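See below for the structure under consideration.
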Amino acid sequence: MASSDPHKLMVKADKLTKLSLTRWSADWKSATQLYEQAANGFRVAKNIEQAKIAFEKASQGQEMLSSPWDAAKHMESAAALAKELHNWREVADFYRKASELYNECGRSQPASDALAKAARALEDAVPEDAIQLYTDACIMLEEDDKEQMAFDVYRAATNVYIKLEKYADAATFLLRWGLAADKCNATNSQCKAYLSAIIVYLYANDFKQAEKCYNDCSQVDAFLRSDQNRCATKLISAYTEDNQACTKAADRRC
């Protein structure tokens with residue numbers, strides 16, 4: 001009966017991947033099966049570090065066997081375990097590797113999803129890295145003409161920018177979302193993104209940019225005729241009136 005001790009399975013698998021006087025070629029098929037068994041055994045035993053290593057090796061094995069899809073799945077498992085260990089660099093690296101492997105399969109959606117998973121994991125610990133991962137996830141879908149599948153990613157990236165109080169960047173990303181929505185005829189999402197960009201500028205007390213954003217977006221016929229435009233018009237008017245009132249009050253004090 002074969003041993004179920006994951007440590008012994010790892011040792012046996014490692015031996016199968018190394019050349020010797022009696023082994024002239026690596027047996028990646030048998031080794032990969034052993035790595036997979038070991039990974040599951042370590043995971044059941046709550047040995048997270050060793051399970052992570054085993055899944056990483058299982059991924060390498062599947063890659064050697066020309067099975068990038070299975071390799072990507074194992075790499076995502078390794079990334080999830082790295083997250084439990086709070087090893088943020090490995091989380092990013094493993095999910096990026098999984099994304100590359102999905103791309104080898106011609107699957108931009110799961111490739112983008114892998115980057116978004118990494119970004120979500122890193123939002124609190126390394127928010128700047130999370131933003132880059134979200135951006136790369138969007139680019140991947142944009143290049144494959146799948147912008148509509150990226151809407152949640154645009155939203156998530158915007159939220160991180162706002163948490164960091166990078167309001168200009170948040171507004172820029174919302175405008176990018178609006179353009180993507182326009183490309184796939186998602187008019188309602190487009191108009192909401194434009195309105196949100198204007199609101200972000202107003203929240204940041206940058207009325208000049210808010211007004212410019214409003215004027216630029218109003219050049220788009222779909223936005224000009226929308227409920228969101230009417231809302232934006234009222235907001236801009238309210239801020240204009242408030243600024244005029246403040247100016248008059250200041251003049252009176254002088």
- Does residue 159 satisfy being in the same structural domain as residue 109 (by the TED database), under 30 Å from residue 114 (Cα atoms) and surrounded by fewer than 18 Cβ atoms within 10 Å (Cβ to Cβ)? yes
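Could you check region 131-148 and list, in sequence order, the residues that are over 12 Å from the mean Cα position of the chain (by Cα) and open to solvent by 20 Å² or more (accessible area, probe 1.4 Å)?
Passing the criteria: 142, 143, 144, 145, 146, 148.
Here is a list: 156, 197, 210, 193. Which entry is within 17 Å of residue 139 (Cα to Cα), free of Cβ contacts under 8 Å to residues at least 60 places away in the same chain and among the small types (Gly, Ala, Ser)?
Residue meeting the stated conditions: 156.
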- Note on the structure: Residue pairs within 6 Å by beta carbon, gap of at least six or interchain, first lying in region 3-20 and more than 19 Å from residue 52 (Cβ to Cβ), second surrounded by fewer than 18 Cβ atoms within 10 Å (Cβ to Cβ) and at pLDDT 90 or above, listed first then second, are 16/27; 16/30
- Item | Failed item in (1) open to solvent by 10 Å² or more (accessible area, probe 1.4 Å); (2) within 28 Å of residue 51 (Cβ to Cβ), with residue 128 passing the rest | (2)
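The values are calculated or read from the model by the stated rules, or taken from the named source; none is laboratory data. As the structure is a computational prediction, the values presented were derived from the model and not from experiment. Using ideal geometry, Cβ is built from the backbone for each residue, glycine included, and neighbour counts are taken over all protein chains shown. Accessible surface is based on the protein model in full, side chains and every heavy atom, while ligands, DNA and RNA are left aside. Shrake-Rupley method; radii C 1.70, N 1.55, O 1.52, S 1.80 Å.
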